[in-house]
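The block underneath contains the structure these notes are about, expressed in structure tokens.
The values are calculated or read from the model by the stated rules, or taken from the named source; none is laboratory data. Being a predicted model, the structure only gives us computed values, none of them experimental. All Cβ positions, glycine included, derive from the backbone under ideal geometry; neighbour counts span all protein chains shown. Heavy atoms of the whole protein, side chains included, go into the accessibility calculation; ligands, DNA and RNA do not. Shrake-Rupley method; radii C 1.70, N 1.55, O 1.52, S 1.80 Å.
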Amino acid sequence: MSSLSVRFLTPQLPHTVPSSSARPRTRLFAGPPTVAQPAETGVDAGRLEPRVEKKDGYYVLKEKFRQGINPQEKVKIEKEPMKLFMENGIEELAKLSMEEIDKEKSTKDDIDVRLKWLGLFHRRKHQYGRFMMRLKLPNGVTTSAQTRYLASVIRKYGKDGCADVTTRQNWQIRGVVLPDVPEILRGLAEVDLTSLQSGMDNVRNPVGNPLAGIDPDEIVDTRPYTNLLSQFITANSRGNPEFTNLPRKWNVCVVGSHDLYEHPHINDLAYMPAMKDGRFGFNLLVGGFFSPKRCAEAVPLDAWVSADDVLPACKAVLEAYRDLGTRGNRQKTRMMWLIDELGIEGFRSEVVKRMPRQELERESSEDLVQKQWERRDYFGVHPQKQEGLSYAGLHIPVGRVQADDMDELARLADIYGTGELRLTVEQNIIIPNIEDSKIEALLKEPLLKDRFSPEPPLLMQGLVACTGKEFCGQAIIETKARAMKVTEEVQRLVSVSKPVRMHWTGCPNTCGQVQVADIGFMGCMARDENGKICEGADVYVGGRVGSDSHLGEIYKKSVPCKDLVPLVVDILVKQFGAVPREREEMDD
């Protein structure tokens, strides 16, 4: 195993703001291979044998560990998915018709499974022959040129083409057809974008503070770290076979503000800013995840790394997971299951073995995140730390945009800002670096008046919805339009004095992250008053984000969707201080 070190400029606390063009100095070097020794944690030494080995440049599951593996692992053994990109397999695949593809198991698995390593998801159930493409967008930062290019791609697909802002700060575009993919991939490279390793058993988009570098109250600018993590994971968009064969998907974030916009407690690895002996660095949280059968909050690894060791720590954690994670039941293959099996000290020991010098400092008590911080609202216009500049937070209803919307957002970013947009995990968009003298004109723009308001209603501000049944084959119910309709009906019946975060997800995979919401709706089938089967939702209440984060719990199961409005009104009145509109009018 080669060692790896990264040299960062030391932050000047309490406020660290490299410019948007700042790049950390890096120092990469090869070292002698390390030999893992059994951890002294009561775990059988045989369990610590790596389950994968490198063959012909790619990691494959060893023969002795192939008993009882899940179907996805078999697909990976039959053919390495990244060969579709790294060895230009996509060029030949794109020349085949869907009829030809479906005749052979190998090519059918290519379009339904392996293409996810290239960020392409076949919508076989609802849009046969069309794909969703997920981009990598570290820290949610995108340029006007990138946005225009994505708009040009979806525009050609008419009603089938649209885009979404996701809950991991990135773009997803829809309607893509296979023959266009090679050209789209080349176009992405020209605007410095990639879709590589954004699906299936890969590292997802690195999340950071959407206000990085512009926030007067930020702890550290997360952009250099998230950029470097993304470059490392994808080998600068060339494809990185070191980490394309994980047991399951894996999420990472770098926290840069007291607001915890990054939701560290639901990431497999979260970097929490902390000082130690006068040095800036990060405490590590590990294991947070959602799945249909289990949701778990990240736990402390009892480890602190300097800013220079952000990459080596990520590499070590990923290698421990890649080497030792189980590959049977897909519901038990996320990294927290491995942590449970080895114990936190046993897992930590495996990470230590994979660090460059086989050393890992214990957690620091000098946490830089203020625990009593009140999470701030980024909607509307706010002053930046740069004098004379402001940012504007815009509400994107349930994250859905069309090609014309994207072109217009790009135009606004160019005219009023510096050609940059920031995406948030709540599916909204921020325009940074607006000269104060231009704010009045920006607020008069038709797009902000008609579509993407900087001052959305309180109940709309925290509304999040996954793709839903409209496009996703796994979804049980329609989500985006329904989320809007239910919220509109509810806000006609009650008023609230502060935002209430409501999340919708179409199935138990919980892409809409309902467990972190104040009120969450998870799609299911239910029965109406006549016993007839209908679309419904399991309702969750009590999720929290920020320093007092915890997951919500089931409030009521299998509620028919047509009965959700009165239930939500009741919850808002009883638990969130909402006031019925008629009573409010009488009080006036």
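Cys residues of the chain that find no other Cys beta carbon under 4.7 Å: Cys162, Cys253, Cys295, Cys314, Cys472, Cys507, Cys524, Cys534, Cys561.
Return the FRET efficiency for the residue pair Glu529, Leu493: r is the Cβ-Cβ distance, R0 is 22 Å, and the value is rounded to the nearest 0.05. Spell out each step's value before the answer.
Details: r = 21 Å, r/R0 = 0.95.
In this case the efficiency is close to 0.60.
The sum of -39500 (n - 2.57) across all DSSP H runs of n ≥ 4, divided by the residue count of the chain, sets its helix-only mean residue ellipticity at 222 nm to -7500 deg cm²/dmol. Reducing region 228-298 and region 175-227 to their Cα centroids gives an inter-centroid distance of 15 Å.
Only Cα pairs under 8 Å and 6+ residues apart enter the sum, and on that basis the relative contact order of the chain stands at 13 percent.
Under 8 Å for C-alpha pairs, at least 6 residues apart: give me the relative contact order for region 461-580, rounded to a whole percent. Kindly include the intermediate steps, with their values, before the conclusion.
Values: 276 pairs, mean separation 27.7, N = 120.
Reported relative contact order: 23 percent.
Applying a 10 Å radius around every beta-carbon, put 343-355, 261-273 in order of their mean neighbour count, most first.
Details: 343-355: 20.4, 261-273: 25.9.
Going by the mean number of other Cβ atoms within 10 Å, highest first, we get 261-273, 343-355.
Projecting label points 7 angstrom from Cα along Cα→Cβ for Val299 and Glu78 puts them 3.7 nm apart. For the chain, a crude dipole built from +1 on the beta carbon of Lys and Arg and -1 on the beta carbon of Asp and Glu, taken about the Cα centre, is about 1700 debye to the nearest 20.
With a probe of 1.4 Å, find how much accessible area the chain has per residue, and write the answer as a whole number in Å². Intermediate results must be reported in sequence, preceding the final value.
Numbers: 23430 Å² over 588 residues.
Per-residue accessible area for the chain comes out at 40 Å².
Taking amide H as placed 1.01 Å from N in the peptide plane, Lys249 has its amide H under 5 Å from the amide H of Asn202, each at least 5 places away in sequence or on another chain.
For the pair Asp277 and Ile554, label points projected 7 Å from Cα toward Cβ lie 5.0 nm apart.
Magnitude of the charge dipole for region 168-284, about its Cα centre and with charges confined to Cβ atoms of Lys, Arg (+1) and Asp, Glu (-1), is about 340 debye.
In plain terms, the chain from Glu361 to Lys485 could stretch by 39.5 nm, reckoned as 0.36 nm per residue minus the Cα-Cα distance.
Quick one: which of 126-138, 371-383, 241-253 comes out on top by average Cβ neighbours within 10 Å, and what's the full order, highest first? Kindly include the intermediate steps, with their values, before the conclusion.
Numbers: 126-138: 20.8, 371-383: 14.6, 241-253: 23.5.
By packing density, highest mean first, the sequence is 241-253, 126-138, 371-383.
Highest-first packing order for the peptide set 74-83, 571-580 is 74-83, 571-580, based on the mean count of other beta carbon atoms within 10 Å.
Taken along the Cα-to-beta-carbon direction at a fixed 7 Å, the label points for Leu458 and Lys574 span 2.0 nm.
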